[in-house]
Amino acid sequence: MSLLIRHGRVIDPANGVDAVEDVLIADGKIERVGKSLAAPPGAEVVDARGKVVCPGFIDIHVHLREPGYEYKETVATGTRAAAAGGFTAVACMANTMPVNDNGAVTDYILAKARVEGVVRVHPIGAVTKNLRGEELAELAELAEAGCVAFSDDGRCVMNAGLYRRAMEYTLPFGVPLISHAEDTHLAQDFTMNEGVVSTEIGLPGAPAAAEDVMVARDILLAELTGAHVHIAHLSTAGAVRLVRDGKARGVRVTAEVTPHHLVLTEEAVRSYDANTKMAPPLRTKRDVEALVEALADGTIDCIATDHAPHALAEKEGEFDQAAFGIVGLETAVSVLLDRLVRPGLLPLGTLVSRLSRDPARLLNLPGGSLAAGAPADLTLLDPERTVTVDPLTFRSKSRNTPFGGWTLTGGPWLTVVGGNVIRP
């Protein structure tokens, strides 16, 4: 089947395209991009006038929760949330039950995705068995089964010697280790960022140094081994400086940032809303400014949501007892368009790149380009669409968002996966 998308503003950073053009799709692949393309007989035609046509957005940091925590999310609901949010592919973390630390679990996730998923799913395998930080997982088996990276996300591998061995062991696989950079001793029993706000409202905090010292360690280990380390959910100005310095020295270090760390500060925690509780915690205005600048200049390589669904009961009650994390797949694009692109803090082309070309390159994934022969994965944006965030309408099973009730301008309009149209 053929699909012709007409008259949209095509932004394809991988090929240097930013122009009003047509995109022709056939047999699940990009056939051609150009002006005034003719529709083949029987082709579906989409008029994208006034819309932005991009390579499909890729989120390299989500928690689909299946197997084991299906009451929070499943492959089916998580991928539908992704499609509704404009994402055509997701990479899912290993902290399931059982943990994705062997090929059997990877096979299960991929089988579920083939049957029930509506976007592409790329599993991330655990670094250590059962995420305990004591013994390496079956890394070769995981890579062979299809894992695109390794991470104990949610927990930091505190043993530097073990993490060094993991880096050395994964070198032949050509995939990164994704670091949850958090010194558990400095961050012990934290609920938010340590600083003036935590002191005033009486909540235990984690200093920015808890992240910075582990980012520094992991960059040094990557420099020692020649491995690729990717820093998950960067949140501090100090960590930005460390990543920038590491890149200048030629270390294979990359980094991601979440939408919530780009637009919210620790001031949001004054409400005691458990939907502002996350790890790493919301930081200061100075940290947010450093993150936005680093995203714009390429120090931070991509945006990832860290989509972390929780049941309502896990976010109720006292703040210090609530679970860490928020959902993000269905709000990310609108939040970024409204709070970064519209005020001029980030060019639209840069946002598209950080959500498509750059994550695809980082994990060596298909997609991220509208070149002829590339997978027909596209995200179409409506820059003037008014979006009011209503958690009750989420495709996700979970509702834990700090953005409920926000009215935003701009959002996903249509998602195409393998040539199949999915409307939000």
Problem set entry | Residues of region 270-314 that turn out to be surrounded by fewer than 18 Cβ atoms within 10 Å (Cβ to Cβ) and more than 17 Å from the chain's Cα centre (by Cα), as a count | 12
Seminar exercise, completed: Exactly one of Val253, Val213, Val229, Val175 is farther than 26 Å from Arg339 by Cβ and in contact with a Pro (Cβ under 8 Å, 6 or more places away or on another chain), and that residue is Val229
Seminar exercise, completed: By residue number, the members of region 329-360 that are basic (Lys, Arg) and more than 14 Å from the chain's Cα centre (by Cα) are Arg339, Arg342
Problem set entry | Subset of region 165-193 that is charged (D, E, K, R) and more than 25 Å from the chain's Cα centre (by Cα) - its residue that is surrounded by the most Cβ atoms within 10 Å (Cβ to Cβ) | Arg165
Exercise. Does region 33-51 include one or more residues that are outside any strand (DSSP E or B), closer than 23 Å to Ala149 by Cβ, in contact with a strand residue (DSSP E or B) (Cβ under 6 Å, 6 or more places away or on another chain) and of a type in the set (A, V, I, L, M, F, W, C)?
Worked result: no
Exercise. Which of the following residues is charged (D, E, K, R) and in contact (Cβ under 8 Å) with a residue 60 or more places away in the chain: Asp390, Asp377?
Worked result: Asp377
Exercise. Among the numbered criteria (1) outside the structural domain of Val175 (by TED's automatic domain parsing); (2) farther than 25 Å from Asn15 by Cβ, which single criterion is violated by Leu381?
Worked result: (2)
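Considering only residues of region 238-268 that are part of a helix (DSSP H, G or I) and under 19 Å from the mean Cα position of the chain (by Cα), which is surrounded by the most Cβ atoms within 10 Å (Cβ to Cβ)?
Restricting to residues being part of a helix (DSSP H, G or I) and under 19 Å from the mean Cα position of the chain (by Cα), the top hit is Ala239.
From Leu203, Leu224, which residue is in a helix (DSSP H, G or I) and surrounded by fewer than 23 Cβ atoms within 10 Å (Cβ to Cβ)? Steps first, please.
Details: Leu203 fails: in a helix (DSSP H, G or I).
Result: Leu224 is the single residue among Leu203, Leu224 that is in a helix (DSSP H, G or I) and surrounded by fewer than 23 Cβ atoms within 10 Å (Cβ to Cβ).
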For this session: For region 329-340, indicate whether the set of residues that are in contact with a helix residue (DSSP H, G or I) (Cβ under 6 Å, 6 or more places away or on another chain), of a type in the set (D, E, K, R), part of a helix (DSSP H, G or I) and not assigned by TED's automatic domain parsing to the domain that holds Glu44 is non-empty.
Result: yes
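The values are calculated or read from the model by the stated rules, or taken from the named source; none is laboratory data. Since the model is a prediction, treat every value here as computed from it, not as a measurement. Because the Cβ atoms are built from the backbone with ideal geometry, glycine has one as well, and the counts that use them run over all protein chains shown.
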